[in-house]
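Okay, so here's the structure we're looking at.
Values quoted throughout were computed directly from the atomic coordinates according to the rules given, and no laboratory measurement underlies them. Keep in mind the model is a prediction, meaning the values are calculated, not measured. Here the Cβ positions follow ideal geometry from the backbone for every residue, glycine too, while neighbour counts run over all protein chains shown.
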Amino acid sequence: MIELLDPTNEMKAGQRPRNPRPASLEGRTIGLLDIAKMRGDLFLDEVDRQLRQRGLMVKRYRKLTYAHPAPVELQQQIATECDVVLEALAD
């Protein structure tokens, strides 16, 4: 169990269990989410290249700004199109 802290002014931190990691990425669609911080795209470009070299299916997504959560529509799109997601954070 991992404890997630909410940066909003909640008095009690919410708890949410992690989803189990898949045993393998083979046959899965991997989503790469760029949160729009500087150089995050460079990191994801390299991750994308390496995953595709292994023959894996990759889909790319990008938030408009790092200052806000991804829009619900984008979250839903990623959830329906991908099996796993990697989110890039860089500066």
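Observations on the structure shown:
- For the chain, the longest principal axis of the Cα atoms and the long axis of helix 40-53 meet at an angle of about 40 degrees.
- Top positive-direction residue, dipole computed over the chain with Cβ charges, set Ala36, Pro22, Ala70: Pro22
- Residues listed by number, the stretch 67-81, amide nitrogen under 17 Å from Ala36 label point at 7 Å toward C-beta: 67-78
- Compared with the dominant Cα axis of the chain, that is its longest principal axis, helix 72-81 is turned about 40°.
- Prolate/oblate/rounded label for the stretch 29-88 (Cα gyration tensor, a/c 1.5): oblate
- In plain terms, the residue of Ile2, Ile30 with the fewest other Cβ atoms within 10 Å comes first and the most crowded comes last, giving Ile2, Ile30.
- Residue-averaged 222 nm ellipticity for the chain, from DSSP H runs of 4+ at -39500 (n - 2.57), nearest 500: -8000 deg cm²/dmol
- For the options Ala36, Ala23, Ala67, a Gaussian network treatment of the chain with springs between C-alpha atoms closer than 10 Å singles out Ala23 as fluctuating the most.
- The chain: most fluctuating residue of Arg16, Arg54, Arg28 per GNM, C-alpha cutoff 10 Å: Arg16
- With at most 15 other Cβ atoms within 10 Å, longest stretch of the chain clear of loop GluC sites (Glu not before Pro) (DSSP): 27-91
- Residue-wise HN-Hα couplings along the stretch 56-65, as the Karplus relation 6.51 cos²θ - 1.76 cosθ + 1.60 with θ = phi - 60° gives them from phi, are 8, 8, 10, 10, 10, 9, 8, 6, 6, 8 Hz; Gly and Pro carry x.
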